[in-house]
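The structure appears below as structure tokens.
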Amino acid sequence: MIGVVITGHGNFPKELISTSRKIIGNLKSVVVITTRYKEEPFGLRTRLNKAVEKVASQEGVLILTDIFGSSASSMCISMKKKYPVRVVTGMNLPMVFALATYRNSALNIDDLASMLEKVGKKSVTKW
């Protein structure tokens, strides 16, 4: 099973997963890392590394972040040098629902990351 790390600012990642679990049930092999105000980069990098190692699998680790270019997303993208990770930024609730639905299918990590990107973009509309 593809491991998952969810990271972002403030309580957003925790609440996103909490809401998801209330609607779709437990999400296995998912770790949430929230960024802390004025946290030293080394501390955040250490927590992210530990999270990836905790959910690591042969299929890889998918990391969802809230904002492209943030400290967390930049650190996660740079982790590709050390770990078999894929990073998708701009996470939203429909992406987490799709993750729960399709993670156990025959999709590999690249296909799952691409599918979540499409779901995330498609769920943003204007009226």
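FYI, it's all coordinate maths here, none of it is from the lab. Because the structure is a prediction, the values reported are computed rather than measured. Note that each Cβ is placed from the backbone with ideal geometry, even for glycine, and that neighbours are counted across all protein chains shown.
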Open item on the list: Could you work out the relative contact order of the chain? I mean the mean sequence separation of Cα pairs under 8 Å and 6+ apart, divided by the number of residues, in percent.
Closed with: 28
Task: Restricting the stretch 1-87 to chymotrypsin sites (Phe, Trp or Tyr not before Pro) in coil, as DSSP defines it, with at most 14 other Cβ within 10 Å - done: 37, 68
TODO: Anything over 31 Å Cα to Cα? Flag those among 54/126; 22/118; 22/54, in the order listed.
DONE: 54/126
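Going by how many other Cβ atoms sit within 10 Å of their own, how do 89, 65 line up, fewest first?
Numbers: 89 20, 65 28.
With the sparsest Cβ surroundings first, the list reads 89, 65.
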Task: Distance cut-off 26 Å, percentage of C-alpha pairs in the chain lying past it - done: 14
